[in-house]
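The values are calculated or read from the model by the stated rules, or taken from the named source; none is laboratory data. Just so we're clear, the structure is a prediction, and the values are computed from it rather than from any experiment. Here the Cβ positions follow ideal geometry from the backbone for every residue, glycine too, while neighbour counts run over all protein chains shown.
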Amino acid sequence: MRENKETLAILGGEPTRKEPFPPYPIIGEEEIAAVNEVLKSGHLSSFAASAGSGFLGGKKVREFEEKFAEYHGIGYAIAVNSATAGLHISLAAAGVGPGDEVIVPPYTFTSTATSVLMHNAVPVFVDVDPRTYCLDPAKVEGAITPFTKAIIPVHLLGHPAEMNPIMRIAKEHDLTIIEDCAQSPGAKYKGKLVGTIGDLAVFSFQETKNMMTGEGGMVITNDLLLAERCRMVRNHGEAVIEGKSRSYLSNIIGWNYRMTEIEAAIGMEQLKKLDGFNEIRIRNSKFLSRKLSKVKGVGMPYEAPDISHVYHVYGMTYDEREVDISRGTFVNALNAEGIPFGTGYPHPLYENPLFNERIAYGDKGCPFTCKFYKGGANYESGICPVAEDLCYSRALWLFSIRPPATLEDMRDVVDAFMKIIENIEQLQELNEKQSRGRII
C-alpha cells in the first residue's frame, strides 16, 4: 500500500505503474504451428458452392465446428467470418424479415442491433438490468407487439443474461431466441453453458475476445433445419443437391460469410485454452473485487446466483456524488497512474443517427418506413434510463484482467485506486480550478 499525501500522476507525480500491461491476445507456439500446417497444405479456404464436403468448408473449418459443438454439447456449429455475420445468418435462418421487430438491449456492441437492420427488420430497444447490464426480463414483455419475431439477449462483459424468464416469455409468444455470446464463451447460467439455452447462439472470435481467431465467429444450434439454413446463407444462399452439378440455384439471399482454414486452425488451439484463459480472468477479477470492495463510491461487478461470470471486461460502477469527483476526471487520474480504465459504451445504441434519424439505408427511411412495417419503434432519449445512466455517468471498464496479466499486475490497479482515494482532495481542487476556468 502506498503512503498518503503523494502527488497524483495527473498533477505531475510519479505514476503507480510505468510499464504497459501485458499484450493480448496470447499467440503460442501451438497457434503458430497450426497456421504453418495450413500454409504448407496449400488449402486456405476449400469452400465450394457445389455438392459434397466443399459446400461445408475445408477440413479445418469442419473440424473446428465439430469441436466447438462438442465443447457445448450441442448438435450443430456453423463457422463464419465474424459474429456480425453470425447474427445476420441466425436472423435470416429464423425467418426474420421486412415488417418484423426484434427485441435487443441498447447497452451492447452495434452489430446486435444493426444485424436486425441488415435483414430489413426493425430493432426494438429494451433496457438492461442495472446489476448485470444484460437485458432486463421484467421489461421485455411490455415491448412485445404483434410484429415481434425474435429476442437477442446479450451475455454482456462475460455475465449471462437472466435466461429462464426470457425463455418463458419467448415460449408464450412463439418467439425465436438468439443468444449473443460474443463476450461470454465458457460462461454458465444455472449449470448450462451460454449458447445452449436459446434456439440459436452466436460467438465472436475477434482478437479482443476470450478466445480468438483474429476475426471470426460461430453459430450453434440444436435445430437441424436452422443449421441448414445458416449454412446456405453463409455460402451465397445456393441450394446444393447431392448428385447434381452446380446449378447456381438460389432460393434465399446469401452472402460470403465463410471462415478460412487459417482462422479455424487458430480457433481449435484457442478452444483448448479457453477454460484456462477464463480461469485467469476470474482469478484477477475476484482479487480486484476483494481488494476494492470497501472503496467509497465504486461498485464491484455483480455475479447473480447460479451463474459463472467469465469477465470479458471488469465492469464496475461509479457514483460521482459519493466520490465528489466527475467520472471523467477519476478515469483520467487512473490513466495517468498507468491503469487503462475506460467508461464503456459512449451512448445507448438508439442515440446513433442510424436509428434516431432513420438513416439505415440512406434517406429513404427503410426499413422503418417500409410498407410492410406497421409498428412504431421509439428511439427517443430517455426510453432506457438504466443504459443511459451507465453510458453517461456510471460505467467503469477495465480490460486488463485478461491473461497473461498476473496478480502482481492487479496489485498495481489496487494501489492506483487507493492512491487516488487517499489523495482525493487533489482531484477536488483540480475540479474546482477547472470549473472556474483556470485550467482548460
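Candidates VAL122, VAL61, VAL104, VAL126: the one that is at pLDDT 95 or above, touching a Ser or Thr at 6+ places or on another chain (Cβ under 7 Å) and buried (at least 20 other Cβ atoms within 10 Å of the Cβ) is VAL104.
Among the residues making up segment 146-176, those that are assigned to a helix (DSSP H, G or I) and under 17 Å from ALA187 (Cα atoms) are LEU156, LEU157, GLY158, MET163, ASN164. Under the condition of being among the polar types (S, T, N, Q) and surrounded by 23 or more Cβ atoms within 10 Å (Cβ to Cβ), which residue from segment 154-213 is nearest to GLY86 (Cα to Cα)? Per the stated criteria, the residue is SER204. Would you check if LEU200 is touching a His at 6+ places or on another chain (Cβ under 8 Å), touching a residue at least 40 places away in the same chain (Cβ under 8 Å) and not charged (D, E, K, R)? So LEU200 fails the test. For segment 379-395, taking the residues that are touching a residue at least 24 places away in the same chain (Cβ under 8 Å) and assigned to a loop (DSSP other than H, G, I, E, B), the one that is nearest to the chain's Cα centre (by Cα) is identified as CYS384. Within segment 260-273, residues that are among the hydroxyl-bearing types (Ser, Thr, Tyr) reach partners that are buried (at least 20 other Cβ atoms within 10 Å of the Cβ) and part of a helix (DSSP H, G or I) with beta carbons closer than 8 Å, at six or more positions or on different chains, in the pairs THR260/VAL61. Here TYR302 clears all of (1) modelled with pLDDT of 95 or more; (2) part of a loop (DSSP other than H, G, I, E, B); (3) buried (at least 18 other Cβ atoms within 10 Å of the Cβ); (4) not aliphatic (A, V, I, L, M) except the condition numbered (3). The one condition from (1) surrounded by fewer than 20 Cβ atoms within 10 Å (Cβ to Cβ); (2) at pLDDT 95 or above; (3) charged (D, E, K, R); (4) more than 24 Å from the chain's Cα centre (by Cα) that GLU337 does not meet is (1). For segment 287-299, a residue qualifies if it is surrounded by fewer than 18 Cβ atoms within 10 Å (Cβ to Cβ) and of a type in the set (A, V, I, L, M), and exactly one does: VAL295. Any chance segment 405-417 includes a residue that's surrounded by fewer than 18 Cβ atoms within 10 Å (Cβ to Cβ), touching a helix residue (DSSP H, G or I) at 6+ places or on another chain (Cβ under 7 Å) and at pLDDT 95 or above? Yes, that holds for at least one residue.
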